[in-house]
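Colleague: Let me begin by handing over the structure; questions about it come next.
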């Protein structure tokens, strides 16, 4: 079964867990609500998350978000930026990025040819877009017929030429999700947006930061609102990890591709990080 099928079940399970009293639901109760046997639900869920549904529920609570802020809060200190943590080192080696110049951005994509296609992903159908310099867009939708995701991307660079060519975008998307090889990113945005996105790339998987911390890093802590806008304009979902930015209270804040997907990403990464730590 493909990853998108798994994610649809995960999204439904998250909705059930989020409901009043949901965190106390047993495996049998959740499986029954989803129309599955307990054994099949356990297999599907564990294959996607790497942990059992019961364990995963711990990653979906507000308490866990607060624990992340306390125990895995990235302050962008020297050690993190130098990649001295094993996770950060792996993350730094995995990514290479090139930012668009201010002059290029002012052209609104004129002269760029962007290839795109739909792909399976751990977080549902993903729309991948790439230029000859690397992956420039990664959006999510509930199904591959959702034209709003493509419209959202094309509005950002209205003068670019778009060509449906999954084969051209596939190598970049495969690297991004498989975490093998080096993902080359072509970040298309204003200089301020690119500065914010570069800061986000320093937050390792399984860790989180806050809007205020990002603002303090890129300019001034008082610019948290402007940073929030730049985070929301991130065209490379999951790869530029805007899902790792929380409000200072531990609340999730917003997410361009839906809060359920943000919760799923955070829980999935936390499970992966814990598995690595325990290995």
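The values are calculated or read from the model by the stated rules, or taken from the named source; none is laboratory data. A quick note: this is a predicted structure, and the numbers were derived from the prediction, not measured. Quick reminder, even Gly has a Cβ in these numbers, built from the backbone with ideal geometry, and neighbours come from all protein chains shown.
Colleague: Being within 26 Å of residue 227 (Cβ to Cβ), assigned by TED's automatic domain parsing to the domain that holds residue 230, modelled with pLDDT under 90 and not in a strand (DSSP E or B) narrows it down to one residue among 176, 149; which is it?
Modeller: On the way: 149 fails: modelled with pLDDT under 90.
Result: 176 is the single residue among 176, 149 that is within 26 Å of residue 227 (Cβ to Cβ), assigned by TED's automatic domain parsing to the domain that holds residue 230, modelled with pLDDT under 90 and not in a strand (DSSP E or B).
Colleague: Of the numbered conditions (1) surrounded by 16 or more Cβ atoms within 10 Å (Cβ to Cβ); (2) at pLDDT below 55, residue 100 satisfies every one except a single condition; which is it?
Modeller: Result: residue 100 fails condition (2) only.
Colleague: Moving on to the next point. Taking the condition of being under 30 Å from residue 8 (Cα atoms) and touching a strand residue (DSSP E or B) at 6+ places or on another chain (Cβ under 8 Å), how many residues in the range 96-132 meet it?
Modeller: Let us first name the residues in the range 96-132 that are under 30 Å from residue 8 (Cα atoms), namely 114-131.
Cutting the leftovers down to touching a strand residue (DSSP E or B) at 6+ places or on another chain (Cβ under 8 Å) gives us 114-121, 123-131.
Count: 17.
Colleague: Among the residues in the range 212-229, are any buried (at least 23 other Cβ atoms within 10 Å of the Cβ), touching a strand residue (DSSP E or B) at 6+ places or on another chain (Cβ under 6 Å) and not assigned by TED's automatic domain parsing to the domain that holds residue 46?
Modeller: no
Colleague: Residues in the range 139-160: is at least one farther than 23 Å from residue 4 by Cβ and buried (at least 22 other Cβ atoms within 10 Å of the Cβ)?
Modeller: To start, the set of residues in the range 139-160 that are farther than 23 Å from residue 4 by Cβ comprises 155-160.
If we keep only those that are buried (at least 22 other Cβ atoms within 10 Å of the Cβ) too, we end up with 157.
There is at least one residue in the range 139-160 that is farther than 23 Å from residue 4 by Cβ and buried (at least 22 other Cβ atoms within 10 Å of the Cβ).
To keep it simple, each residue is scored yes or no on (1) outside the structural domain of residue 196 (by TED's automatic domain parsing); (2) within 24 Å of residue 142 (Cβ to Cβ); (3) at pLDDT 70 or above.
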residue	(1), (2), (3)
7	yes, yes, yes
24	yes, no, no
28	yes, no, yes
31	yes, yes, yes
50	yes, yes, yes
78	no, no, no
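Colleague: Which one is surrounded by the most Cβ atoms within 10 Å (Cβ to Cβ), of the residues in the range 179-200 that are at pLDDT 85 or above and within 16 Å of the chain's Cα centre (by Cα)? Working first, answer last.
Modeller: Going through the range 179-200, the residues at pLDDT 85 or above turn out to be 184-200.
Going one step further and asking which of them are within 16 Å of the chain's Cα centre (by Cα), we end up with 185, 187, 196-200.
Details: 185: 23, 187: 21, 196: 28, 197: 26, 198: 15, 199: 24, 200: 24.
The extreme case among them is 196.
Colleague: Do any strands (runs of 3 or more DSSP E) entirely within the range 93-134 hold 3 or more residues that are within 20 Å of the chain's Cα centre (by Cα) and more than 16 Å from residue 194 (Cα to Cα), and if so, which?
Modeller: Numbers: elements: 95-99, 113-119, 126-131.
Fully inside the range 93-134 and qualifying: 113-119, 126-131.
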